[in-house]
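Comments concern the structure below.
The values are calculated or read from the model by the stated rules, or taken from the named source; none is laboratory data. Predicted, not measured: the structure shown is a model, and the values here were computed from it. In this analysis, Cβ positions are derived from the backbone assuming ideal geometry, glycine residues included, and neighbour counts consider all displayed protein chains. Quick note on the areas: whole protein, heavy atoms, side chains included, nothing else; ligands and nucleic acids left out. Shrake-Rupley method; radii C 1.70, N 1.55, O 1.52, S 1.80 Å.
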Amino acid sequence: MDFQAVFLILQLDFSCPITMNIYTLLGDKTRQCLQALYQLQADDSLLQLQKTKKEFEGDLTLVVFPFIKAAKKSPEATAEEIGSWLLQHTPELSSYNVIKGFLNLSFSASYWLNTLQDIAGDTDFGLFEAGESAPLVMIEYSSPNTNKPLHLGHIRNNLLGFSLSRIVAANGCRVVKTNIVNDRGIHICKSMLAWQKWGKGETPESSGKKGDHLVGDYYVLFDKNYKQELAELQKQGLSLEEAENTSLLMQEAREMLRAWEAGDSEIRSLWETMNNWVYLGFDESYAKLGVDFDKIYYESQTYLSGKEKVLEGLDKGIFYRNEDGSVWADLSSEGLDRKLLLRADGTSVYMTQDIGTAALRFEEYPIDKMIYVVGNEQNYHFKVLSILLDKLGFAWGKDLVHFSYGMVELPEGKMKSREGTVVDADDLIEEMISTARETSEELGKLDSCSSEEAADIARIVGLGALKYFILKVDPRKNMTFNPKESIDFNGNTGPFIQYTYARIRSVLRKAEELGYRAQVQEQLADRLADKELSLIKNLYEFPVVVKEAGNSYSPAVIANYVYELAKEYNQFYHDYSVLYETNSDLRDFRILLSDQTAKVIRTALYLLGIEVPERM
RNA sequence: GGACCGGUAGCUCAGCUGGAUAGAGCAACAGCCUUCUAAGCUGUAGGUCUUGGGUUCGAAUCCCAACCGGUUCACCA
């Protein structure tokens, strides 16, 4: 399966409830025009209508090169002819200009003024409600292991997953956010064993450590001792492989796993205790990040159902059994290799668990589409999972979406937990918040606020900086995080956008105090400045952007849009006064324009999971 | 080695369903606070879009090849 193509699967009908889409409108007119002038039946591939580039005058640009053969005229003459026809037959248009083979068309100011009014009338502007029969989309994200705390990679996963769920919901789908916790396996046993051996009964309470960090420390401790043991064994002349097989620590860990699987009560009890420490820690991190789930699955509860499904598949002849008793899927007809599903001793592997989880999910929810937010290192895994689920008869298996995102790297390269170069999630969040607080203090922004308010604003802004930093990047690409240069608060950043919002709110509060009303008078149309018109046009684009973000599963599309919008507003804010405008009609219009800009900024940031401060 | 993904300013990133002079931010430099929040605004400088072919009226964008980087091809998860 082509994973690029999969990104385009979610095709949802939407009609802009605000106004007739200007692309549709002009597209239809242009078709009529080409028919009338040149008897040309133009299909969509010939009709190239695009947003006019900033440096030219106009709103939409028609590329006329494709029509010059039919017109039997030069590009300029063709464009001129079409432009003239369109202007005559389209009341919404006010003018056109021709540059080379490009026909730039402008909609009238009163058209845009009406558009602003329509936008203002729609409180959920840009969001498309999910009806009862809307597709049910389940989004899996986070998926942590319970042997170590969350790090920057998990942050990217969580932020992408959470934002994606809001974007998909905004595109008119019903959404279930889900998490699959990997709470069993050899890695968990390593932490448990180390704690048993060297922990001296340490608990989160006794040490004051966050539970997930405490367990993580024992995982590291295990690794340290294991490494030491390996080194000693190698000194005695064993090869690395031999040493790994001889290691007593590892043998003990494996023994513990067997005991766990056998249901040994002491081991199970320790396991539950330590996992609960971790969950309390995770809950805290999730809460701080502002992400949540509708349904959490645990692999300890799903892996057995995976075994069942695999054995069912074996009975049906979908899979086969090897001489040693292991169970395999033959994927050679799909151009892939064979894949192990159950070991000879009957224990399950990663794939088995994912099949089991999928089966349970489908029993509980009538899923139309399943989206897995998982790093791109697992592309192959999901390719195989998709095929296997399809073979097992899950309707959504074939079209499951692996939302495959890139790694977060440090300037030196990959983060490596063993080398201690991972960026801890809790630390980073704290750091962002305290940087935000320091910045506010330096600038004296929050002197008039209560300390609770100031703390909340620092939290909102610090998290906004972190979230925007991560979400503005195309999810598919690897991204670099440099811990030495802390995340910026100026320029193309979350705080920049939040600041724009806070500024507008400040103006609006004052407008309210002064008793001004946000409203539009029709006769204002010919008095509007270019900057004001272009702001309205930016607002108008929002629903299109939401749809595009949904179709391409990309929060980055929203992020780039809202940055552009904020920048546009700041320019307007710099050049024009709102409250001191002496013409009251113009003043009231600017209040409305500001109000609507704030609304769209708030909604766009909401789709990114970023909060907005009333002041900052 | 096979498969997949990426390579755009010093740095971090947009732009990629082919379209006009390749855009932002950071860093650097020069300006703008007696008017609604200067976390802002304006300007200067910075580019063989990895390379070479091809398709086209037109290529950063599509195709082919090479180079570089990453991931994966586990009875790890």
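What the table shows:
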| quantity | calculated |
| --- | --- |
| Subset of region A:566-585 [touching a helix residue (DSSP H, G or I) at 6+ places or on another chain (Cβ under 7 Å) and free of Cβ contacts under 8 Å to residues at least 40 places away in the same chain] | A:Glu568, A:Glu581 |
| Single unsatisfied condition, A:Lys190 versus (1) within 22 Å of A:Arg258 (Cβ to Cβ); (2) open to solvent by less than 30 Å² (accessible area, probe 1.4 Å) | (2) |
| Restricting region A:345-360 to residues that are of a type in the set (A, V, I, L, M), more than 10 Å from RNA strand B (Cβ to nearest atom) and open to solvent by less than 10 Å² (accessible area, probe 1.4 Å), the residue that is nearest to A:Leu311 (Cα to Cα) | A:Ile355 |
| Of the criteria (1) within 10 Å of RNA strand B (Cβ to nearest atom); (2) assigned to a helix (DSSP H, G or I), which one A:Leu311 fails | (1) |
| Of all residues in region A:475-517 being among the charged types (D, E, K, R) and in contact with a strand residue (DSSP E or B) (Cβ under 9 Å, 6 or more places away or on another chain), the one that is farthest from A:Glu412 (Cα to Cα) | A:Arg476 |
| Residue in region A:561-569 that is more than 7 Å from RNA strand B (Cβ to nearest atom) and over 26 Å from A:Asn490 (Cβ atoms) present | no |
| Number of the condition not met by A:Met250 [criteria: (1) modelled with pLDDT of 95 or more; (2) closer than 22 Å to A:Gly216 by Cβ] | (1) |
| In region A:560-602, the residues that are of a type in the set (Val, Ile, Thr) and surrounded by 20 or more Cβ atoms within 10 Å (Cβ to Cβ) | A:Val562, A:Val578, A:Ile591, A:Thr597, A:Val600, A:Ile601 |
| Filter result for A:Gly306 (surrounded by fewer than 17 Cβ atoms within 10 Å (Cβ to Cβ) and farther than 30 Å from A:Asn482 by Cβ) | no |
| Test: residue in region A:570-577 that is at pLDDT 95 or above and outside any helix (DSSP H, G or I) | yes |
| Sole residue being outside the structural domain of A:Thr52 (by TED's automatic domain parsing) and without any contact (Cβ under 8 Å) to a residue 24 or more places away in the chain, chosen from A:Asp530, A:Asp588 | A:Asp530 |
| Region A:377-391: number of residues that are more than 14 Å from RNA strand B (Cβ to nearest atom) and surrounded by fewer than 19 Cβ atoms within 10 Å (Cβ to Cβ) | 2 |
| Residue, surrounded by the most Cβ atoms within 10 Å (Cβ to Cβ), within region A:392-422, restricted to residues that are within 20 Å of the chain's Cα centre (by Cα) and in a loop (DSSP other than H, G, I, E, B) | A:Leu400 |
| Residue within region A:333-347 that is more than 30 Å from A:Ala425 (Cα to Cα) and assigned to a helix (DSSP H, G or I) present | yes |
| Residue tally, condition more than 18 Å from the chain's Cα centre (by Cα) and either free of Cβ contacts under 8 Å to residues at least 60 places away in the same chain or open to solvent by 20 Å² or more (accessible area, probe 1.4 Å) (or both), over region A:278-298 | 7 |
| Any hit, region A:349-371, residues being β-branched (Val, Ile, Thr), part of a strand (DSSP E or B) and touching a strand residue (DSSP E or B) at 6+ places or on another chain (Cβ under 6 Å) | yes |
| Total residues in region A:178-219, condition more than 16 Å from RNA strand B (Cβ to nearest atom) and touching a residue at least 40 places away in the same chain (Cβ under 8 Å) | 9 |
| Candidates A:Glu255, A:Glu232, A:Glu241 - the one that is acidic (Asp, Glu), in the same structural domain as A:Met274 (by TED's automatic domain parsing), over 26 Å from A:Thr347 (Cβ atoms) and open to solvent by 90 Å² or more (accessible area, probe 1.4 Å) | A:Glu232 |
| Wholly within region A:44-153, helices (runs of 4 or more DSSP H) carrying at least 2 residues that are surrounded by fewer than 19 Cβ atoms within 10 Å (Cβ to Cβ) and away from RNA strand B (no atom under 16 Å from the Cβ) | A:75-89, A:109-120 |
| Selected residue (only one of A:Leu116, A:Leu103, A:Leu8, A:Leu93 is modelled with pLDDT of 90 or more and under 33 Å from the mean Cα position of the chain (by Cα)) | A:Leu116 |
| Scope region A:315-334; condition open to solvent by 20 Å² or more (accessible area, probe 1.4 Å), within 12 Å of RNA strand B (Cβ to nearest atom) and of a type in the set (A, V, I, L, M, F, W, C); matching residues | A:Trp328 |
